[in-house]
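Accompanying notes for the structure given below.
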Amino acid sequence: MPAEEIRPLTLDDYDRLLALWQRAGLHSLKPAGRDSREQMAQQLAWGVQTVLGLIVDGELAGAVIATHDSRKGWINRLVVDPAYRRRGYGLRLIAAAEETLRAQGMKVIAALVEHDNTASLAMFHKAGYVEIDPGMHYLTRRESDEV
């Protein structure tokens, strides 16, 4: 049986996290902007973001960002390395993010899932999440394409 753990990641894990995001095909990756080492350091220092990593036999096999706005928790950037998928790791990462957010006082936890990511949508449904409004639109205004 493989050695597995979910633990908070630190800035020392940045290179492995970036490589995982790339292997997993994260669409919105901005390594020169909001996903840079410098931005991650600042985000971690603010204390409202926890990056959790799934370590399997010493390899970073999955990760999730648990963050909040002081009233609602958010599960972001949930990824599992393609070589480790279909083993229940995504559900374990969701549960770990929920535990982290509940410990921070969040009673409502939400996730945004891209419309074409049917596997992720099914996984969140399996974890007990429901769509409040299937017609909801995600709108954003950014300073640049890198943020």
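Here is a yes/no grid of residues against (1) closer than 20 Å to His68 by Cβ; (2) at pLDDT 95 or above:
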position: Ala96; (1), (2): yes, yes
position: Ala103; (1), (2): yes, yes
position: Ile109; (1), (2): yes, yes
position: His115; (1), (2): no, no
position: Ala119; (1), (2): no, no
position: Ala122; (1), (2): no, no
position: Tyr129; (1), (2): yes, no
position: Ile132; (1), (2): yes, no
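Between a first residue in region 66-78 that is closer than 22 Å to Ile6 by Cβ and modelled with pLDDT of 95 or more and a second residue that is surrounded by 21 or more Cβ atoms within 10 Å (Cβ to Cβ) and aromatic (Phe, Trp, Tyr), which pairs have beta carbons less than 7 Å apart while being 6 or more apart in sequence or on different chains?
So the pair list comes out empty.
Kindly list the number of the only condition in (1) touching a residue at least 60 places away in the same chain (Cβ under 8 Å); (2) surrounded by 12 or more Cβ atoms within 10 Å (Cβ to Cβ) that fails for His27.
All conditions pass for His27, except number (2).
Please specify each residue of region 1-31 satisfying the condition of being within 16 Å of Gly58 (Cα to Cα) and part of a loop (DSSP other than H, G, I, E, B). Full working, then the answer.
Kept after step one, since they are within 16 Å of Gly58 (Cα to Cα), are these residues of region 1-31: 1-10, 12-17, 19-20.
Hits for region 1-31 are Met1, Pro2, Ala3, Leu9, Thr10.
Taking only pairs six or more apart or across chains, which ones have beta-carbon atoms under 8 Å, a first residue in region 95-119 that is within 26 Å of His27 (Cα to Cα), and a second residue that is exposed (fewer than 13 other Cβ atoms within 10 Å of the Cβ) and among the hydroxyl-bearing types (Ser, Thr, Tyr)?
What qualifies is Leu112/Tyr138.
The values are calculated or read from the model by the stated rules, or taken from the named source; none is laboratory data. If you're wondering where the values come from, they're calculated on a predicted model, not measured in any experiment. Neighbour counts run over all protein chains shown; Cβ positions are idealised from the backbone, glycine included.
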